[in-house]
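Every read-out reported here was derived from the displayed coordinates using simple, explicitly stated rules and does not represent laboratory data. Computed from a predicted structure; not experimentally measured. Quick reminder, even Gly has a Cβ in these numbers, built from the backbone with ideal geometry, and neighbours come from all protein chains shown.
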Amino acid sequence: MAPRKIIIDTDPGQDDAVAILLALASPEDIEVLGITAVAGNVPLALTQKNARIICELAGKPETRVFAGCDAPLKRKLVTAEHVHGKTGLDGPQLPAPVMPLSPGHAVDFIIETLRNHPSGSVTLCPIGPLTNIATAMQRAPDIIPRIAEIVLMGGAYFEVGNITPTAEFNIYVDPEAADIVFRSGAAITVMPLDVTHKVLTTRPRIQAFRDMGTRTGTMVAEWTDFFERFDIAKYGSEGAPLHDPCVIAWLIAPDLFSGRKVNVEIETQSELTLGMTVADWWGVTDRAANALFINEVDADGFFALLTERIGRL
Ligand code: RIB
Ligand code: CA
């Protein structure tokens, strides 16, 4: 089967970095048409720089990286330096990127790519706030039916929130953008905290990256060492959830995952529950199912895939 053409929309972020490395290490499964940076974990100036650092670490400096929206549609940007550190990629010391940022705005790249490729041939993989995706949909509604699928990391239901008691960070940062995307009619697969909290970086799993003896393996081990301190302190868990790589692993090995097609709507009005993904898991409403909401994963199979692929770089 031909590799799946994707655009990764991202706010690196250590877990974004692992997702991007997984995609770039899997050319038989994935063709990365471009990477679009958005403000999220850290401001845009850092997310676009971090995306280039990651591409160079993967040995893919030819990857096209675009800068996108630097703030949510209607709200002040909320960032997550408390999780990812000041640079967004705290842990190892990394040199500034040499590869250039691609000219043009990320939203224009998303629109042009969807218009210039056959309808249904490009998958969008947002792993940060949905500002770029929603802006592209608002500016060019004609692209919506041309999207093959949106596979995103965001939201939570039974697992509830990680940035507020009810909201997951990516949705919380730009709930209006998320509302536009979830109401768009595009085919959506969601990797919420309900599944990402089941892929935790344990000591043996991080050691497997160190044991590769490669620069990339060591970087991934150092990123996850840094990234996990927040979740261990907050949840008392054994390690950090590798949220964003779940999106890419789904594209490569969907059988590792399972979930349910349900209605998901976004809270945009209540300050108390702003950014909550209200999933009608038990079908108690007649609201149309608009998303495949993933809640189960074979964690050992996920890490076996991740380790094999990262070991290639
Ligand atoms: O809530 C987890 C999500 O927020 C991940 O995408 C992480 O990178 C941050 O963006
Ligand atoms: Ca992210």
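Odds and ends about this structure:
- Considering only V278, L101, N41, and ranking their Cα positions along the charge dipole of the chain that arises from unit charges at the beta-carbon of Lys, Arg, Asp and Glu, the one farthest toward the positive end is L101.
- Two numbers describe the Cα atoms of region 18-144: Rg and Dmax, which are 14.6, 43 Å.
- Convex hull projection area averaged over all views, region 1-50, Cα basis, nm²: 3.1
- Relative intensity, log₁₀ I(q)/I(0), of region 188-271 from a Debye sum that treats every alpha carbon as a point, q = 0.12, 0.26, 0.27 Å⁻¹: -0.47, -1.24, -1.27
- With at most 12 other Cβ atoms within 10 Å, longest stretch of the chain clear of loop chymotrypsin sites (Phe, Trp or Tyr not before Pro) (DSSP): 1-157
- Most fluctuating residue given options D16, D108, D286, as computed from a GNM of the chain linking Cα atoms under 10 Å: D286
- Note on the chain: with a GNM built from Cα contacts shorter than 10 Å, the maximum mean-square fluctuation among R146, R205, R287 falls on R287.
- Overall shape: prolate for region 123-184, with the ratio a/c of the largest to smallest alpha carbon gyration tensor axis at 1.5 or above and a/b above b/c.
- On a per residue basis, the convex hull of the C-alpha atoms belonging to region 213-313 measures out at 151 Å³.
- By the rule of a C-alpha distance below 27 Å, with chain neighbours fewer than 8 residues away ignored, the lysines paired with K60 are K5, K49, K86.
- For the chain, modelled as a GNM whose springs connect Cα atoms under 10 angstrom apart, the maximal fluctuation among L272, L200, L44 occurs at L272.
- Within the chain, the ratio Rg/Rh, alpha carbon atoms throughout and Rh by Kirkwood, equals 0.93.
- All other residues whose Cβ lies under 14 angstrom from that of A136 are scored, Lys and Arg at +1 and Asp and Glu at -1, for a net of -2.
- Taking the alpha carbon gyration tensor of region 113-220, multiplying each eigenvalue by 5 and rooting it gives semi-axes of 30, 20, 11 Å, largest first.
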